[in-house]
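Accompanying notes for the structure given below.
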Amino acid sequence: MILTKFVCKSAPKVIVNTRFITRFKNARTFASAIHNYKDESLKKLFDDLKYHELFQEKFHTQKYGLFRNEFLVDSSTGFQKLTDIVLRHSQRIVKDLLKTDGTNGKFIVAEFDRLSDLLCSVIDLCEFVRCAHTDEKIIAQSEDAYNRLFNFMNVLNTHRGLYDKIEQAVRIDKTQHQLGEEERIIADVFLMDFKKSAIDLEENKRKEFVTQSLKSATLGRKFFNNVVNRIQRYIKVPADELKGSNPFFSRTVLNEKGDHAYIPVNGQEGLHALINIANPSLRKKVYTESMYAKPDEIEVLESYLASKAELAAIVGKKSFADLQLSDKMVGNQDNVLEFLHTLASNNLRNVKSLSREVSRFKQQHLRLNELPTLDPWDRDFYLLRMKEAYARKLPSLHMNQSEIMCHMSVGTVMQGLSRLLNNLYGLRFEPATTWPGELWHPDVRKLHVYDDSGNVLGIVYCDLYARDGKGDGAAHFTIRSSRQLDESSSRDAELLGFHLDKRVSTDGSSYQLPVIVLSCNFDKSLSFAGRTCLHFWDVKTLFHEMGHAIHSIMGCTKYQNLAGTRCATDFVELPSILMEHFMSSPDVLPLYARHYLTDEPLKKEALENFIRMENLSSAFDNQRQVCLALVDQEYHSSNVIQPTFDSTKVYEEIINKWSGFNAVPNGAWQVQFGHLYGYSGTYYSYLFDSILANKVWSKLFAKRPLNREAGEKFLNAVLRWGGSRQPWLCLADALDDPRIAKGNHEVMETIGSWDLK
Ligand SMILES: [Zn+2]
């Protein structure tokens, strides 16, 4: 059974001192001189503090629950009721399935999909609530619901009777060809899931698998909670250690008396310290301290990794990676390692040359005769000096960061995204009405996605700003998928208390309207005349997440298990990374970057400068990603169950060998690597899909980005299919290169030689 949450790696960020950008929170509002575009209301929905109230059904007497789910009206019992219904109904479906004659393949596949839909509808909702909701009681309830459903799902995954039915359907289809293409793919997915769950083994082994799976899930959540709830660490130092540092930074860390400083070491704040502290020994302290882990954090991680390896061992696989990768595009771990090692050694040359360049700034700063070694705590400090020196040589814009941001209010960017999608696929966004109780926070805005015939194709909730208790980074959640509806799936949606929004396609089939949440962590306080404005890298993140949303909306399939982003996990980032290319195109810039008062488009030099600056450090950034992908592979290899396994040592070895920098001895950064939960051996996907997206961009869009013909080509080759077509076929189709369809070792080699942007 497939869970469908995608926590995305945020777009790589250029280090800029954002804290000191002039803010105009209280500036007076000027009368807008902008033209009255048809999509003006979309812009106002995000930029005008009051405008969204026009779309609230305030006076409606009926109360609605979260996402208009009738059970979630009552926050004290909603999840419990929903879970009871799902369990009762699922048990009935299982009973009917077991009574079914195994020759009825189509019925069996459809019922399996229903079962999976029922369970995942609520499990995915629980995951979303845990990451985004603000009400502790609802979060606790959703945790209970999650655990009950997850346990039940594990029982189903090891249910011999159910396995026999799907196995029989697949076997009979081989000779009688009773299943359609989509049914065959989905039947294989279920069969593979069963095989991953010890189904071929004896009863006691299957029970062992269920117990182990639960243990692994619990440890995984414990590990992830440790990452999310990590408390910021500070080091206390005498004020004179800050001598020569950025005075603005120093002021923020000094105590009231001004004799001591408390310096944060983790996350963005820690990075901020590293780029601003001039004293190398203090930087070293900050960097070393940022690698600190409590022994129990390491223990939780290592137990989690071991539990996954033990799970794989129960089903006869040599490692968890082996279990994970067999149904991915890459096929096996050897292919992944070959791909990553090729990438790492090609890029290491760029890392070394960049290190030499950055070292010159250290040499100059410390007035040394010889070129010094660049230590890891020097990297960000001197990289910024290099960028500043480089920026002085860039074409002069006479614009500061604030002026650039004035062109990218959230409303303008959303309007630009709508215009871009209109150019490519004939889609557009419009504000949608919200009902009492439907939203989980007042900052959330609801949109309808229309096609050019005026049909609503989907619903997108935008939860864009950071707040206490909300998960870090950006994420895309599928709350309801864009599946085809028949009598039973419509009944199920109603049974679960969801408002059944649907559309009818030209061939008369009904489809459920997909419901998507885009969650970001933008700083709401960076506002100009009441409008929150974004940095380029925020815009990039938003484009990325919108790529997932459009995939979810356009990937309409017969079965929910294959809808939208429910495709191979090493293919799913292709549409979202492709959207980052659009964001970086000077042709697209005037669509999303226009001054909030004058509507003047931003000068393209501003974007070009941003890209140049971003590319300056790309050798380091890419190598960091390759190293993390290698750590992820090593942590999901068979070595983790060896008594000698030491996650800190493995991390250290990979950093020493591939990063181009020396690792901090005993530094245990790995406990902060949250992607080990969820990605589990597939972290390479982002790099892999970056290469694929780069190729698709060059082939289809680089010359003329706003090109409907190319948009349609990508839509028909990739987006429309969701997971209902082999990804290699999608790629071959998009690139007009049938050789790629084979997806074999040779093709992997070819892809290894393509450029990583
Ligand atoms: Zn993503």
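Under 28 Å from the Cα of Lys284, which lysines turn up, not counting those fewer than eight places away in the same chain?
Filter leaves Lys9, Lys13, Lys236, Lys243, Lys257, Lys294, Lys352, Lys362, Lys387, Lys649, Lys657.
Counting only protein heavy atoms, what percent of the accessible surface of the chain is carbon or sulfur at a 1.4 Å probe?
50 percent
Using helices alone, what [θ] at 222 nm do you get for the chain, with -39,500 (n - 2.57) per DSSP H run of 4 or more residues, divided over all residues and rounded to the nearest 500?
Using -39500 (n - 2.57) per qualifying helix, the result is -16500 deg cm²/dmol.
Measuring from the lowest to the highest alpha carbon on each principal axis, how far does the stretch 359-416 reach, largest first, in angstroms?
Principal extents (largest minus smallest coordinate, Cα): 53, 25, 14 Å.
About its Cα centre, what dipole magnitude does the stretch 63-140 give when the only charges are +1 on Lys and Arg Cβ and -1 on Asp and Glu Cβ, stated in debye to the nearest 20?
So the magnitude is around 200 debye.
Please compute, for the alpha-carbon atoms of the stretch 457-548, the extent along each of the three principal axes and give them in descending order in Å.
Result for the stretch 457-548: principal-axis Cα extents of 49, 30, 23 Å.
Using a 1.4 angstrom probe, figure out how much accessible area the chain has per residue, in square angstrom, rounded to the nearest whole. List each step's numbers first, then the result.
On the way: 31720 Å² over 757 residues.
I get 42 Å² per residue for this part.
Two decimals, Cα atoms only, Kirkwood Rh: what is Rg/Rh over the chain?
Numbers: Rg = 26.2 Å, Rh = 27.5 Å.
My calculation of the ratio gives 0.95.
Give a residue-ordered list of calculated ³J(HN,Hα) values for the stretch 622-639 (Karplus: 6.51 cos²θ - 1.76 cosθ + 1.60, θ = phi - 60°; whole Hz; x for Gly, Pro).
Taking θ as phi minus 60°, the curve returns 5, 5, 4, 5, 5, 4, 5, 5, 5, 4, 4, 5, 5, 6, 10, 8, 6, 4 Hz for the stretch 622-639.
Would you work out which of Ala474, Tyr450, Gln484 lies farthest towards the positive end of the dipole of the stretch 448-487? Charges go on Cβ: Lys and Arg +1, Asp and Glu -1.
Checked the options; the winner is Ala474.
Probe 1.4 Å, all protein chains in place: accessible area of Phe224 in Å², nearest 10?
Looks like 30 Å² after rounding.
Considering the alpha-carbon set of the stretch 549-702 alone, what are its Rg and its Dmax in angstrom?
Cα-based Rg and Dmax for the stretch 549-702 come out at 19.8, 66 Å.
So for Lys106, Lys540, what's the accessible-area order with a 1.4 Å probe, most first?
Values: Lys106 100, Lys540 10 Å².
Sorted by accessible area, descending: Lys106, Lys540.
Can you check what the Kirkwood hydrodynamic radius comes to for the stretch 234-291, Cα pairs only, in Å to one decimal? Walk me through the numbers on the way to the answer.
Numbers: mean 1/r = 0.0915 Å⁻¹.
Kirkwood radius, the stretch 234-291: 10.9 Å.
Once the Cα gyration tensor of the stretch 539-631 is diagonalised, what are the square roots of 5 times its eigenvalues, in whole Å and ordered largest first, as equivalent ellipsoid semi-axes?
Sorted largest first and rounded, they come to 29, 22, 8 Å.
Looking at the stretch 79-233 from every direction and averaging, what is the projected area of its Cα convex hull in nm²?
Details: hull surface 43.6 nm².
The orientation-averaged projected area of the Cα hull of the stretch 79-233 comes to 10.9 nm².
Taking H placed 1.01 Å from N in the peptide plane, check which residues at least 5 places from Thr434 or on another chain put their amide H under 5 Å from its amide H.
It is Gln56, Glu57, by chain and number.
Kindly write out, for the stretch 693-699 in residue order, the coupling ³J(HN,Hα) from the Karplus curve 6.51 cos²θ - 1.76 cosθ + 1.60 (θ = phi - 60°), rounded to whole Hz, with x marking Gly and Pro.
Ordered by residue, 3J(HN,Hα) equals 5, 4, 5, 5, 4, 4, 6 Hz.
Using protein chains only and a probe of 1.4 angstrom, how many square angstrom of Leu348 are accessible, to the nearest 10?
20 Å²
Order the following by accessible area, largest value first: Asp463, Asp507, Asp538, Asp188. Probe radius 1.4 Å; ligands, DNA and RNA are ignored. Numbers along the way, then the final one.
Values: Asp463 0, Asp507 115, Asp538 20, Asp188 80 Å².
Listed by decreasing accessible area, they come as Asp507, Asp188, Asp538, Asp463.
Taking the dipole about the Cα centre of the chain, with the C-beta of Lys and Arg at +1 and of Asp and Glu at -1, give me whichever of Ile235, Val640, Leu82 is farthest to the positive side.
About the Cα centre, the residue reaching furthest to the positive side is Ile235.
Can you list the lysines whose alpha carbon sits under 17 Å from that of Lys195, skipping same-chain ones fewer than 8 residues off?
The reachable lysines, counting only those whose Cα sits under 17 Å from Lys195, are Lys165, Lys205, Lys207, Lys308, Lys317, Lys318, Lys328.
Once phi is turned into θ = phi - 60°, what whole-Hz ³J(HN,Hα) does the Karplus curve with 6.51, -1.76 and 1.60 give for every residue of the stretch 155-166, x standing for Gly and Pro?
Each residue's phi maps through the Karplus curve to give 5, 5, 5, 10, 8, 4, x, 5, 4, 4, 5, 6 Hz.
Only Lys, Arg, Asp and Glu count, each charged at its Cβ (+1, +1, -1, -1), so figure out the dipole size of the chain about its Cα centre, rounded to 20 debye.
Details: 96 positive and 95 negative charges, 301 e Å.
The dipole of the chain has a size of about 1440 debye.
For a quick check of understanding: with a 1.4 angstrom probe and all protein chains in place, what accessible area in square angstrom does Thr750 have, to the nearest ten?
Number for this one is 70 Å².
Top to bottom by accessible area (1.4 Å), largest first, where do Ser396, Ser290 land?
Descending accessible area places them as Ser396, Ser290.
Of Leu439, Ser409, Leu421, whose Cα points farthest to the positive end of the dipole of the chain (charges on the beta-carbon: +1 Lys, Arg; -1 Asp, Glu; origin at the Cα centre)?
Farthest along the dipole direction, towards plus: Ser409.
The values are calculated or read from the model by the stated rules, or taken from the named source; none is laboratory data. As the structure is a computational prediction, the values presented were derived from the model and not from experiment. Counting neighbours? That spans all protein chains shown, and the Cβs are built from the backbone with ideal geometry, glycine included. Remember, those area values only see protein heavy atoms, side chains included, never the ligands or the DNA or RNA. Shrake-Rupley method; radii C 1.70, N 1.55, O 1.52, S 1.80 Å.
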